[in-house]
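The structure under discussion appears below in the form of C-alpha coordinates.
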(Lines give C-alpha, C1' and ligand atoms only; values in the text may rest on other atoms or scores of the structure.)
Protein backbone atom coordinates (compact mmCIF):
# COMPACT_ATOMS: atom_id res chain seq x y z
CA UNK A 1 0.00 0.00 0.00
CA UNK A 2 1.41 3.46 -0.90
CA UNK A 3 2.48 5.79 1.89
CA UNK A 4 2.24 9.56 2.07
CA UNK A 5 -0.46 12.13 1.39
CA UNK A 6 -2.61 11.12 -1.59
CA UNK A 7 -3.00 14.01 -4.05
CA UNK A 8 -4.93 13.94 -7.31
CA UNK A 9 -2.35 13.98 -10.11
CA UNK A 10 -4.19 16.83 -11.87
CA UNK A 11 -3.61 19.08 -8.85
CA UNK A 12 0.17 18.94 -9.33
CA UNK A 13 1.56 21.50 -11.77
CA UNK A 14 4.93 22.85 -12.78
CA UNK A 15 5.50 26.58 -13.01
CA UNK A 16 7.27 28.32 -15.88
CA UNK A 17 10.28 28.70 -13.53
CA UNK A 18 10.33 24.92 -12.94
CA UNK A 19 8.84 24.69 -9.45
CA UNK A 20 6.68 21.67 -8.63
CA UNK A 21 3.56 22.85 -6.80
CA UNK A 22 0.22 21.51 -5.64
CA UNK A 23 -2.80 23.60 -6.61
CA UNK A 24 -5.10 23.35 -3.59
CA UNK A 25 -7.62 25.73 -5.17
CA UNK A 26 -8.69 29.23 -4.15
CA UNK A 27 -5.26 30.56 -5.19
CA UNK A 28 -3.41 28.41 -2.64
CA UNK A 29 -0.28 26.67 -3.98
CA UNK A 30 2.22 24.55 -2.07
CA UNK A 31 5.80 23.97 -3.22
CA UNK A 32 6.54 20.23 -3.28
CA UNK A 33 10.24 20.64 -2.55
CA UNK A 34 10.13 23.11 0.35
CA UNK A 35 6.57 22.48 1.58
CA UNK A 36 5.99 26.23 1.74
CA UNK A 37 2.77 27.85 0.56
CA UNK A 38 3.58 30.22 -2.29
CA UNK A 39 1.66 32.83 -4.30
CA UNK A 40 1.40 31.82 -7.96
CA UNK A 41 -0.75 33.26 -10.70
CA UNK A 42 -2.53 31.11 -13.26
CA UNK A 43 -0.29 32.61 -15.97
CA UNK A 44 2.77 31.22 -14.12
CA UNK A 45 1.66 27.59 -14.59
CA UNK A 46 3.37 25.68 -17.38
CA UNK A 47 2.16 22.06 -17.36
CA UNK A 48 1.31 18.93 -15.39
CA UNK A 49 4.29 16.71 -14.57
CA UNK A 50 5.37 13.98 -16.95
CA UNK A 51 6.23 10.45 -15.82
CA UNK A 52 9.95 11.30 -15.92
CA UNK A 53 9.37 14.40 -13.76
CA UNK A 54 7.43 12.32 -11.22
CA UNK A 55 10.25 9.74 -11.30
CA UNK A 56 12.68 12.55 -10.42
CA UNK A 57 10.48 13.51 -7.45
CA UNK A 58 10.62 9.87 -6.34
CA UNK A 59 14.41 9.89 -6.76
CA UNK A 60 14.77 12.91 -4.44
CA UNK A 61 12.31 11.26 -2.00
CA UNK A 62 9.49 13.82 -2.18
CA UNK A 63 7.07 11.32 -3.74
CA UNK A 64 6.70 7.72 -2.55
CA UNK A 65 4.75 6.48 -5.58
CA UNK A 66 2.24 7.48 -8.23
CA UNK A 67 -0.21 6.02 -10.71
CA UNK A 68 -2.37 7.45 -13.48
CA UNK A 69 -4.64 9.31 -11.02
CA UNK A 70 -2.82 9.79 -7.70
CA UNK A 71 0.56 10.95 -6.42
CA UNK A 72 1.62 10.00 -2.88
CA UNK A 73 3.71 12.76 -1.33
CA UNK A 74 5.99 12.50 1.73
CA UNK A 75 5.77 14.90 4.67
CA UNK A 76 3.49 17.72 3.56
CA UNK A 77 2.86 20.45 6.15
CA UNK A 78 -0.77 21.12 7.02
CA UNK A 79 -2.75 23.55 4.90
CA UNK A 80 -3.34 26.85 6.63
CA UNK A 81 -6.99 27.09 7.56
CA UNK A 82 -8.99 29.71 9.33
CA UNK A 83 -10.20 28.72 12.74
CA UNK A 84 -13.62 29.40 14.12
CA UNK A 85 -13.35 32.33 16.51
Exercise for the section: Could you tell me whether residue 10 is under 13 Å from the mean Cα position of the chain (by Cα) and surrounded by fewer than 13 Cβ atoms within 10 Å (Cβ to Cβ)? Expected result: yes
Practice task
Show the residue pairs that are 6+ apart or on different chains and have beta-carbon atoms under 9 Å apart, the first residue being within region 24-49 and on the phi > 0 side of the Ramachandran plot, the second being surrounded by 11 or more Cβ atoms within 10 Å (Cβ to Cβ) and modelled with pLDDT of 90 or more.
Solution key: 25/11; 27/40
Problem - Hits in region 16-47 - residues which are farther than 15 Å from residue 73 by Cβ, in contact with a strand residue (DSSP E or B) (Cβ under 6 Å, 6 or more places away or on another chain) and surrounded by 14 or more Cβ atoms within 10 Å (Cβ to Cβ) - result: 40, 44, 45
Exercise for the section: Would you check if there is a residue in region 22-32 being under 14 Å from residue 5 (Cβ atoms) and in contact with a helix residue (DSSP H, G or I) (Cβ under 6 Å, 6 or more places away or on another chain)? Expected result: yes
Exercise for the section: State whether one or more residues within region 59-70 are without any contact (Cβ under 8 Å) to a residue 60 or more places away in the chain, in contact with a helix residue (DSSP H, G or I) (Cβ under 6 Å, 6 or more places away or on another chain) and loosely packed, with under 14 Cβ neighbours inside 10 Å. Expected result: no
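The values are calculated or read from the model by the stated rules, or taken from the named source; none is laboratory data. Bear in mind the structure is a predicted one, so any value in this text is a computation, not a measurement. Glycine also receives a Cβ, built like all others from the backbone with ideal geometry; neighbour counts cover every protein chain displayed.
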